[in-house]
1. For residue 108, work out the one condition from (1) away from ligand 1 (no atom under 15 Å from the Cβ); (2) open to solvent by 50 Å² or more (accessible area, probe 1.4 Å) it doesn't fulfil.
2. Considering 332, 359, 338, which residue is over 17 Å from residue 228 (Cβ atoms) and free of Cβ contacts under 8 Å to residues at least 60 places away in the same chain?
3. Could you list all residues from segment 165-176 that are within 39 Å of the chain's Cα centre (by Cα) and either more than 20 Å from residue 358 (Cα to Cα) or within 16 Å of ligand 3 (Cβ to nearest atom) (or both)?
4. Check segment 262-271 and report whether any residue there is among the hydroxyl-bearing types (Ser, Thr, Tyr) and surrounded by fewer than 21 Cβ atoms within 10 Å (Cβ to Cβ).
5. Taking residue 101, is it closer than 25 Å to residue 168 by Cα, away from ligand 1 (no atom under 13 Å from the Cβ) and at pLDDT 95 or above?
6. Could you list, in sequence order, the residues of segment 196-217 that are surrounded by fewer than 16 Cβ atoms within 10 Å (Cβ to Cβ), part of a helix (DSSP H, G or I) and of a type outside the set (D, E, K, R)?
7. Looking only at segment 160-183, count every residue that is within 9 Å of ligand 2 (Cβ to nearest atom) and under 17 Å from residue 148 (Cα atoms) and tell me the total.
8. Hey, any hits in segment 505-516 for a residue that's modelled with pLDDT of 95 or more, assigned to a loop (DSSP other than H, G, I, E, B) and crowded, with 22+ Cβ neighbours inside 10 Å?
Amino acid sequence: MRLRLQITGLVQGVGFRPFVFRLAEESGLHGYVLNDTSGVFIEVEGDKDRLDSFLHRIIKEKPGLSKIYSLQHTYLEDAGFSNFEIRESEENGEKRASILPDISACDDCVNDITTPKNRRFIYPFTNCTNCGPRFTIINSLPYDRGNTSMKDFQMCPECEREFNLASDRRFHAQPNACPVCGPWTGLYDSRGNVICEREEALEKVVNLVRKGNIIAVKGVGGYHLVCDATSEEAVVRLRERKHREEKPMAVMFPDMKSIKAETNVSSLEERAIDSIEKPVVIVRKKETTTIANSVSPGNITVGVFLPYTPLHHIMLRKLKKPVVATSANMTDEPIVRDEKDAFNRLSGIADYLLTHNRDIVRRSDDSVVRIAAERQTPLRRSRGFVPSPLIVPFRFSKPVLALGANMNNTIALGIDNKVYMSQHIGDLDTPLAVEFYEETVNDFLRLFDMAPEVIVSDMHPGYYSTKFGEKHYGDKLIKVQHHYAHILSCMIENDVPEDAGVIGFAFDGTGYGPDKTIWGGEVLTASYKGFERAFHLRHYKLPGGDVAVREPRRTALSLLYETFGDEAERLELVPFKQEEKYFLINMLRKNINSPFTTSMGRLFDGVASLIGLRHKVSYHAQAAVELEQLAFRSDEASSYPFAVENGVIDQRPMIEMIVRDLKAGSAKELIARKFHNTIVQIIIFTAELLKDKTGMSYAVLSGGVFQNSFLLENAYYSLKERGFTPFIHQLVPPNDGGISLGQAVYGNSENTTRNL
Ligand code: ZN
Ligand code: ZN
Ligand code: FE
């Protein structure tokens, strides 16, 4: 296979390309390296082990003068290179290339802050040319101190000297600072009274965490809510105050050793945790873990990460304990960014606030990734990755603005041969989120100095992003079907050739179909030119519409009604009072407020409820997440029957057999496993039908349901075994956070009527 690396950093004029050349030759890999405006771009080919080792060595053995700020990697199908070469450089987009992501504290800086004799000992805003905040402090370009939130801090003579000395690590480090001249921290109580400042604040905050307090801590892209992750009581209190009942929260550990003490970490997971971007990585908890159960209740996994700013390093080193570090917000609102906001919105949640006087110009939440099928899948692409561009294999004929979906929203700009995706904006359901959204659209257009000529939105008339596009762009707006955008995003990041056709599995919770119903269990045949809906789940109804999303038991009842008709009223499988059940079935029977859907996400919900696992959810996809965890506990190989006719995948035979298994007293784990196996079988069966019909063998897996690693891995390997070439996400999320990439790609077509 082929490994593509896109590296930003100080990698030009420091012997990087010759180094890559030697490393490739030595590893027996073919391909090429070239300088582009943001760094170097590398493709090498060989077997996976050699590529993994190449990826590892490029970081470990890079030339002494070079620095890597970000590294995005993708495993692709091979391209048949016959040698290794250094190719001509790319020259476009100089200005945009200077907007770098925020870079986690480098080893040298960590060394400075932990060495008592150093003048930056325990100074939380230490940075250098190789690390520190970028994206979150830049007001405008060029990237000079005067254009950042460091502009009000006058460098002291000593810092000035470093800044001007070519041989110094802080030569032209724009946010350079020290305890004499730079920003400082302050500790406040929840009413806004200052308790203490500077080093004392850090000392004190550690003690407060130990005593079980909840602290709002200002970081690089927003505030975190922090508490002792080993204290059940503190974590429960945080949940109550944040109104976040059960959604898992991330845990920051002092170091890798402490992560390994609490979780089982594979080598790929370790690499991800310790990567430059320092994302939250979803890993398995150990049975013996001391992490409070309430951190990720009912979950065998937990999101872990390492300190990435000097402030975090100092706190965690003093504390010597893992802390919950979750975005500071009320559920579903954007992360808190400034002091005023912090005191307003967090005073009821945090006991204390540890803040500082370096402004956050733009928010950026922590990124989240997971390893599945030996690849890194982003679940949220934000801090550390944004705004590194994604390289596409064509040039945008006109600049494109993609407005994203409604959940997990991101926006994207397409220009030259690059797509710049925004940070995670979130669900556009609250006034604050909408404000953040509009801010980000304007911010990106200004920052990247772009006047979009094509604007792309989803087709859903109810999405805020669609309405925004209609209001501001009118005629210039084109709309793309949700699931096709999912498939396009996965095609482009996997370098699917221009003229190729693919079988696209777009499985998610909700997406608007051209027939005005809610799609979500879709098998498409697609190319960059358009798509056809080849198969979909059999339509069923959601009694009460959105209420059914929060109450999987309603979906369960609907599936029973579809399968057994009136007899469903007598089945005692889902917990409803008799009159409720009668009422809901009447709604289904008479088509009252019960929209049709082919949603795969809801099918997972419905089955989770049927087997008695979860009838109401407190966060999105909770029922499906729990169903997946059950499936891992069984090794059953069999699956349930289903029928395929006239493009419809009929799930009723499966529901019938699930009910039979339930009546026979089968274990929940077994049913959950057989259900997952069935979905894999549906993928294989329809893929083979389409392969026979069209000759296509590329299979693309996208949509939020593929965040389910059990399903993803089993589908991936089963497709592979049967001679398909499966493609999965490695650069953008399979959920709606990746939609803007697909929309941007769609926007490049001249023909806007290709959508069916
Ligand atoms: Zn540094
Ligand atoms: Zn200074
Ligand atoms: Fe979706």
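The values are calculated or read from the model by the stated rules, or taken from the named source; none is laboratory data. Given the structure is predicted, the values throughout are model-derived calculations rather than measurements. Don't worry about glycine lacking a Cβ; one is built from the backbone with ideal geometry, like all the others, and counts go over all protein chains shown. Note: areas computed on protein heavy atoms with side chains; ligands, DNA, RNA excluded. Shrake-Rupley method; radii C 1.70, N 1.55, O 1.52, S 1.80 Å.
1. (1)
2. Sole residue among the options that is over 17 Å from residue 228 (Cβ atoms) and free of Cβ contacts under 8 Å to residues at least 60 places away in the same chain: 338.
3. 166, 167, 168, 169, 171 - these are the residues of segment 165-176 that are within 39 Å of the chain's Cα centre (by Cα) and either more than 20 Å from residue 358 (Cα to Cα) or within 16 Å of ligand 3 (Cβ to nearest atom) (or both).
4. Yes, because at least one residue in segment 262-271 is among the hydroxyl-bearing types (Ser, Thr, Tyr) and surrounded by fewer than 21 Cβ atoms within 10 Å (Cβ to Cβ).
5. No, not satisfied.
6. 207
7. 6
8. no
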